[in-house]
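Asks: This is the structure, below, for whatever I ask next.
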Amino acid sequence: MIRRQHLLVPKNITMHSDSISLNLVELGHFAAHLAMIMALIQGLAPILARWLDEPRLSSLSVSASLLVFVLTTIGGATLIHAFVISNFSVEYVAQHSNTLLPMFYKVSALWGAHEGSLYLWVWILTLYTFIVTLRGRTRYPEHLPIILAVQGWLIVGFFGLILFLSSPFERLLPMFPQEGRDLNPILQDPGMVIHPPMLYLGYVGFSVPFAFAITALLTRWKSELWIGLTRRWALIAWGFLTVGIILGGWWAYYELGWGGYWAWDPVENASFMPWLLGTALIHSITVQERRQMLHAWNIFLVISAFALSLLGTFLVRSGVLSSVHAFSVDPGRGLYILAFMVVVLSVSFGIFMRQGRYQQARESINSMMSRESLFIWNNVLFTVACATVMLGTLYPLALDALTGSKITVGAPYFNAVVIPIFLFALLLMGIATQVPWRKARMEKLRSRLLWPSVVGLVTGAAMAIAYWPVHWTGPVGVALAAFVATTIFTDYGRALRQRRAQLAEPLARAAVKTVLGNRRHYGGMIVHLGILVMAIGFVGSGLFRSEITVAMKQGDVVQVGSERIRFDGVDAFSRSNYQTLEGKFTLLNSGRVVTPERRKYPVQEAPTTESGIDSTLLRDVYVVLAEAAGDHWAVHVYVNPLVSFVWNGGIIILLGLFLTLSTRRKSLKQSSPAPKPIETQ
Amino acid sequence: MERETLAIAKDLRCAVCQNQPVSESNSDLARDMRAIIREQLEAGKSRDEIVDYFVSRYGNYVLMKPPYDETGALLWLAPVLLLVVMAIGGWVFLRNRKGVDLPPVEPLSKEDRARISAAAAAENENEAQK
């Protein structure tokens, strides 16, 4: 574990007094306090308005929310400024930065540790609130104050933690060090610059649907009116979370040097749980939008997804997990977040119990074979997957606390339990998109699924034969991916043919127009394709990895899989803020060179490894320099097939999401009532 | 031999690391554990014997996959039970919500088809003018 060591005896201490007369950080600190007070007003105004029977009061929360964002931004900007000018009188800067740190990482060092991460959390929360305010003033003005009040209380809760228990504004006065300790070297990586903001945009994004849902409960807001708004926010949060998680895997792959990208580490699970419920949510929310059902269930999912975001923050930030991510151990903070979570959960579920009956379904299921029914099975699978991940993550903690016996719940457990659930989900993905709302005609469904099933079975069988013996998840996964992909492409082909039968258009134009004419549908299908591409990547890199650990001296050649790799020696370099030993390896098949490094940062004792990776579409060669013994080096070499599919799948998911979100809501443009959509069957 | 060592090392946790199996860790302990696995394999011990050896030294903690016994059974049973409960819940929900079947849909008549085509063409023209 990388523990933060306190600066009790700083190395280079000088007798500086605070020479900058008006220190900007103090201004930022003050702004943050003001922001908390404003957030309190934002949270209280609608309550007071109701209590004093003075409706005009509630508009205070709207102006307060704008100020909260501005003030929080001032606070954040002064912190970044302190990093940029290396103001080591700020304890947080002194702990996590250094004059030699590249500028890029000085800025991102803000979220390099506990206090700053929490500040980023609340900053993003105020940003979302700000956007909700701007959009809501014309679109849902009468509900806006309540939405803002909910968010105001969340902001107050987080500012309480930041300002009173883990303030990034703490000063080291009157004496402060001339040089900072450094940012943890494994965080000095481009992946770490963007991964936390993306992840937090996802986590915190779920606060918006949460605020909408609580408001809907309190004001008995009609479901048709709030669910469409909520859906877009849920998609945005889900998208950021997806990108954040993939970037985290990408960072782990490049930086941690163990050849993989996902280890079912508790911290990874902490981000995966809200993702799983978010996935359930973005599907079931459509059922409510289209078929006026599942109202209460959706509110339950929204509250739970946000609660899991809080749980993720709690797990990572409280230090209860023994994990590389838990940089600080401080029970006071953990207790605070736990208490905060309990309050949020009991208040929101309390409101849900009292008011839930006013959000009720009005329609009924027509057939077990309808899209809404299949979406319910989707929800069953994703909820069970989420609960399983939660169980596996918390079980060792609970067992340890209750009985004192320590067990490990590692990757083999999660793979054994969660992968089968995902395979079922893939099967469902292929079928559900072929089934219309309300009721499917069986003979039509059968004919639609015939070819995809054949393609899937043949692909799976071919793979099983070609790679025998192989773990069963490989051929089954590939078969299902082929099945789903065929449904998507035949579906698209059918729509394209229909369009061309009606309109004399060139093929290319028709192909694009078909997609653009139904962005929501094809956006979803592209996201599904991205998932399939990732699934292929998981099968390839999970089941077909070759690895070897060997002692090599200069000139040695090693064979891993079909790759032959020659070790060409190690050179020493001195870079701006670290020393490095750079190994040179030539891949004899392609002539390309990889250069894994062992870096030594002056402030850290243990050297860090930088893996050398040669990445092509079909395989990555991944080389790690472990340690020297005489003129030999211990070297790990991995050949990881299809890893690039995982990252590319993520990009495809993102494209699909952009397409889906690029639709404007029709009702705002058209004055006439929207015509009933015609099912193209 | 190397492959077998790796396969066993994958299922053992490096006791001093954060949630890392012996196969992936660069720590000294993990290296020693890999050496022990190799030695024992060379001495002709089976996979189970080697795993038991480590469990007797470090406890169940070294198993990446929790065992199916009084401490771990819940972990394995709960997901299955939960899936069954949720599936029954889903089924009951669908049953209870199931209303009347829709009346059969009349196939589109020729006039309807013509109207739809006309509407589609008009829409397209609108788009083109934009």
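The values are calculated or read from the model by the stated rules, or taken from the named source; none is laboratory data. Everything numeric in this text was worked out from a predicted model, so none of it was measured. Every residue, glycine among them, receives a Cβ derived from its backbone with ideal geometry; neighbour counts consider all protein chains shown. Areas reflect the complete protein model, heavy atoms only, side chains present, ligands, DNA and RNA absent. Shrake-Rupley method; radii C 1.70, N 1.55, O 1.52, S 1.80 Å.
Asks: Would you check if A:Gly248 is on the phi < 0 side of the Ramachandran plot, open to solvent by 10 Å² or more (accessible area, probe 1.4 Å), small (Gly, Ala, Ser) and in contact (Cβ under 8 Å) with a residue 24 or more places away in the chain?
Replies: Here the answer is yes, as A:Gly248 does meet what is asked.
Asks: Right, next: I'd like to check which strands (runs of 3 or more DSSP E) are fully inside region A:544-630 and have at least 3 residues that are more than 14 Å from chain B (Cβ to nearest Cβ) and of a type in the set (Asp, Glu).
Replies: A:563-575
Asks: Looking only at region A:387-429, which residues are assigned to a loop (DSSP other than H, G, I, E, B) and either open to solvent by less than 20 Å² (accessible area, probe 1.4 Å) or touching a residue at least 24 places away in the same chain (Cβ under 8 Å) (or both)?
Replies: A:Ile407, A:Thr408, A:Val409, A:Gly410
Asks: Determine whether region A:518-525 contains at least one residue that is within 14 Å of chain B (Cβ to nearest Cβ), assigned to a loop (DSSP other than H, G, I, E, B) and either open to solvent by less than 30 Å² (accessible area, probe 1.4 Å) or farther than 22 Å from A:Arg598 by Cα (or both).
Replies: Yes, region A:518-525 contains at least one residue that is within 14 Å of chain B (Cβ to nearest Cβ), assigned to a loop (DSSP other than H, G, I, E, B) and either open to solvent by less than 30 Å² (accessible area, probe 1.4 Å) or farther than 22 Å from A:Arg598 by Cα (or both).
Asks: Of the conditions (1) in a helix (DSSP H, G or I); (2) closer than 25 Å to A:Phe375 by Cβ; (3) open to solvent by less than 10 Å² (accessible area, probe 1.4 Å), A:Tyr253 clears all except one; give me its number.
Replies: Of (1) in a helix (DSSP H, G or I); (2) closer than 25 Å to A:Phe375 by Cβ; (3) open to solvent by less than 10 Å² (accessible area, probe 1.4 Å), only one is false for A:Tyr253: (2).
Asks: Out of the residues in region A:430-458 that are open to solvent by 50 Å² or more (accessible area, probe 1.4 Å) and more than 14 Å from chain B (Cβ to nearest Cβ), state the one that is farthest from B:Arg97 (Cα to Cα).
Replies: A:Val458
Asks: Scanning region A:641-674 for residues that are among the aliphatic types (A, V, I, L, M) and at pLDDT below 95, which turns out most open to solvent (accessible area, probe 1.4 Å)?
Replies: In this case the residue turns out to be A:Leu668.
Asks: Let me ask another. If I filter region A:178-195 for residues that are open to solvent by less than 20 Å² (accessible area, probe 1.4 Å), touching a helix residue (DSSP H, G or I) at 6+ places or on another chain (Cβ under 7 Å) and more than 22 Å from A:Tyr578 (Cβ to Cβ), do I get at least one hit?
Replies: Within region A:178-195 (the criterion being open to solvent by less than 20 Å² (accessible area, probe 1.4 Å), touching a helix residue (DSSP H, G or I) at 6+ places or on another chain (Cβ under 7 Å) and more than 22 Å from A:Tyr578 (Cβ to Cβ)), the answer is no, since none of the residues qualifies.
Asks: Please give the number of the condition B:Asp28 fails out of (1) more than 7 Å from chain A (Cβ to nearest Cβ); (2) farther than 26 Å from A:Thr608 by Cβ; (3) open to solvent by 70 Å² or more (accessible area, probe 1.4 Å).
Replies: For B:Asp28, the failing item is (2).
Asks: Give me a count of the residues in region A:256-274 that are in a helix (DSSP H, G or I), open to solvent by 20 Å² or more (accessible area, probe 1.4 Å) and in contact (Cβ under 8 Å) with a residue 60 or more places away in the chain.
Replies: The qualifying residues number 2.
Asks: Looking only at residues that are within 11 Å of chain A (Cβ to nearest Cβ) and among the small types (Gly, Ala, Ser) in region B:37-72, which one is surrounded by the fewest Cβ atoms within 10 Å (Cβ to Cβ)?
Replies: Among those that are within 11 Å of chain A (Cβ to nearest Cβ) and among the small types (Gly, Ala, Ser), it is B:Gly59.
Asks: Restricting to region A:354-373, name every residue that is at the interface with another protein chain (Cβ under 10 Å from one of its Cβ atoms) and of a type outside the set (Gly, Ala, Ser).
Replies: Listed by number, the residues that qualify are A:Glu363, A:Ile365, A:Asn366, A:Met368, A:Glu372.
Asks: Okay, moving on. Any residue at all in region A:143-164 that's assigned to a loop (DSSP other than H, G, I, E, B) and more than 30 Å from A:Lys222 (Cβ to Cβ)?
Replies: no
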